[in-house]
Amino acid sequence: MAKGEHAFGRPTRRRLPLSSPPSSSAGPVVVERDSGLPAGPPDPEAAAPGLRRLRAGGRRWTFALLAAATLIAGCFAVQAELDRAAELLLRTGVHSDGTVLTVRQPRNGTYLEVGYAFGGVRKRVWITRTSDRRYAAGDHVTVVTDPVRPARVRTSDEPNEDQATGSAGIWMLIAGVVLFPVAVFRRIRWARRLAAARRTGWYPAEVTIAPDRRLTAADHGPPDLRISFRGGTTINARGAYAYGVAELAERPRREVRVAGAGENLALLFPAGVKGKRPYLVPAKAVIDR
């Protein structure tokens with residue numbers, strides 16, 4: 001500040017001391033103090049749309065977090081309902097003697113073909129084994145049939161829950177468990193970008209976007225960014241996501257407003273670049289070792 005620069009990171013005009021070069025390693029390294037913002041004041045007109053876009057990005061991941069929690073809770077709700085229905089059938093169903101006719105053990109579980117009598121008619125039904133009991137052909141079991149819906153059958157030991165509903169519950173749990181930590185991480189990152197943008201303000205700059213050269217033409221990986229401020233200050237950065245930036249690639253000197261620092265950069269493109277509203281690209285400053 002005393003030197004007339006709004007501290008955003010280390011200005012590119014300063015070189016690293018030769019006595020302490022960074023250790024050699026492949027790939028870019030994210031740095032919190034990579035470049036400095038220009039000495040001029042930030043653009044006050046960019047603050048409102050920029051912060052609005054940042055808040056919108058954070059809200060999306062808040063909704064994703066709530067969706068993940070809902071999926072996890074839904075899985076337990078589905079399982080609880082299956083258990084309740086199976087217990088109710090055991091108490092209120094029609095009990096009859098049955099015999100195990102066949103035992104099959106494919107990779108996805110163990111299945112019993114059970115013969116029994118219901119309403120004076122001999123029937124056969126496949127039961128999914130979920131207990132620890134071992135079965136062999138000829139074993140006697142107690143079959144419980146729903147008098148209202150005779151297709152609903154279980155044994156005293158095997159609930160024989162609906163497999164489609166059970167599988168749906170499992171997939172809900174998997175989706176929720178995978179999405180939850182991702183949503184938490186992303187929500188934190190967007191909150192940090194918002195705080196950094198509020199601290200630094202939005203500075204006019206020009207940016208050249210190019211795809212990562214290590215990727216093939218068919219890939220849509222995070223793009224490399226060359227940000228040039230008025231006065232010669234530059235920042236080498238990389239987009240946090242590839243989505244929405246591919247069509248801006250290979251087009252130099254795009255007008256942009258930049259806010260934040262280090263891993264929490266935000267680039268606000270003017271309305272008309274991708275749509276009717278200003279378009280925000282999250283990014284992080286990098287240096288190549």
* From 156, 167, residue being of a type in the set (Ser, Thr, Tyr), modelled with pLDDT under 90 and under 30 Å from residue 81 (Cβ atoms) -> 167
* **Residue list for segment 52-93, filter: touching a Phe, Trp or Tyr at 6+ places or on another chain (Cβ under 7 Å) and not in a helix (DSSP H, G or I)** => none
* Would you tally the residues in segment 102-132 being aromatic (Phe, Trp, Tyr) and open to solvent by 80 Å² or more (accessible area, probe 1.4 Å)? => 1
* Asked: So which pairs qualify, if the first residue must be in segment 153-171 and open to solvent by 50 Å² or more (accessible area, probe 1.4 Å), the second must be part of a loop (DSSP other than H, G, I, E, B) and among the small types (Gly, Ala, Ser), the Cβ gap must be under 6 Å, and the two must be at least 6 apart or on different chains?
  -> 157/131
* Check segment 209-229 and report whether any residue there is aliphatic (A, V, I, L, M), at pLDDT 85 or above and closer than 30 Å to residue 75 by Cα. => no
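Rundown of residues vs (1) modelled with pLDDT under 75; (2) crowded, with 17+ Cβ neighbours inside 10 Å; (3) in a loop (DSSP other than H, G, I, E, B); (4) of a type outside the set (S, T, N, Q), yes/no style:
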{"residue": "241", "(1), (2), (3), (4)": "no, no, yes, yes"}
{"residue": "244", "(1), (2), (3), (4)": "yes, no, yes, yes"}
{"residue": "255", "(1), (2), (3), (4)": "no, no, no, yes"}
{"residue": "260", "(1), (2), (3), (4)": "no, yes, no, yes"}
{"residue": "272", "(1), (2), (3), (4)": "yes, no, yes, yes"}
{"residue": "275", "(1), (2), (3), (4)": "yes, no, yes, yes"}
{"residue": "284", "(1), (2), (3), (4)": "no, yes, no, yes"}
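The values are calculated or read from the model by the stated rules, or taken from the named source; none is laboratory data. Remember, predicted model here, so these are calculated numbers, not experimental data. Note that we place each Cβ from the backbone using ideal geometry, even for glycine, and neighbour counts take in every protein chain shown. Please note that ligands, DNA and RNA were not included when accessible areas were found on the heavy atoms of the full protein model with its side chains. Shrake-Rupley method; radii C 1.70, N 1.55, O 1.52, S 1.80 Å.
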